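The values are calculated or read from the model by the stated rules, or taken from the named source; none is laboratory data. Not measured: the values here are computed from a predicted model. Glycine also receives a Cβ, built like all others from the backbone with ideal geometry; neighbour counts cover every protein chain displayed.
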Amino acid sequence: MEILLTTIGILTIVTLTIIVGTGGKPMRAVSGFKETLKTINANRGPLAITALSVVVLLVFLYAFYFYPRQNMAPEQPIPFSHQLHSGVKAIDCYYCHPYVEYSLHPGLPPVEKCLHCHNYIIANHPQILKEHEYYNTKTPTPWRKVFHVSEHVVFNHKRHIKKEIACESCHGQVREADRLRTHRFKMGFCIECHREKKAPLDCWIACHS
């Protein structure tokens, strides 16, 4: 997207430069290149203002519309707020991710788990009614993955929880975020943590078994 914006910006500046420099007759740029350069030079003030305005506009569009979406997680089917549930309401991570102590995978909350509370709390909210629709049609809530590891890596949640590694060590302060950002774990992050904790660094025993 940034490349597209840059390309559009450059083409816009070049086009405006030719139009202004040729007095509204862009074909003169082909037939009289030297004359065009003289005209452009004579109008360098207005051209500079035009170019600066285009740059400012592009920077504004990028900063306001595109930059906030950097690394933003996909929109979830239900706008679940970790800040509200884990932060304000202080609901334990293990309540919604019940398998984290017993399995490779932490598990995602089934529809029944959500409705355990929301049968009584904001029960008629449109998003809660959407959860009821999932429940009535026996459809699991299609939550979308946020945290990613490479396919050849086996991350064992159970093993890390038993070593009392806090969830925040890998997932950050999710209780401070409404919508989680996408994060892809890199090998260096894991190796650094293993060295700090004096954990195994053997490839097959540790991560690639």
Qualifying helices (runs of 4 or more DSSP H) (wholly inside segment 1-111; at least 2 residues being modelled with pLDDT of 70 or more): 2-21, 33-42, 44-61, 93-96
Residues that are in a loop (DSSP other than H, G, I, E, B) and either in contact with a Gly (Cβ under 9 Å, 6 or more places away or on another chain) or exposed (fewer than 13 other Cβ atoms within 10 Å of the Cβ) (or both), drawn from segment 124-149: Asn124, His125, Thr137, Lys138, Thr139, Pro140, Pro142, Arg144, Lys145
Complete set of residues in segment 169-209 that are farther than 24 Å from Glu151 by Cβ and in a loop (DSSP other than H, G, I, E, B): Gln173, Ala177, Asp178, Arg179, Lys198
Scan of segment 179-205 for residues that are touching a Phe, Trp or Tyr at 6+ places or on another chain (Cβ under 9 Å) and not aliphatic (A, V, I, L, M), ordered by number: Arg179, Thr182, His183, Arg184, Phe185, Cys190
Selected residue (only one of Tyr135, Tyr62 is more than 16 Å from the chain's Cα centre (by Cα), over 18 Å from His183 (Cα atoms) and aromatic (Phe, Trp, Tyr)): Tyr135
Matching residues in segment 93-152 - criterion: being in contact (Cβ under 8 Å) with a residue 24 or more places away in the chain, of a type in the set (Asp, Glu) and over 30 Å from Ser169 (Cα atoms): Glu131
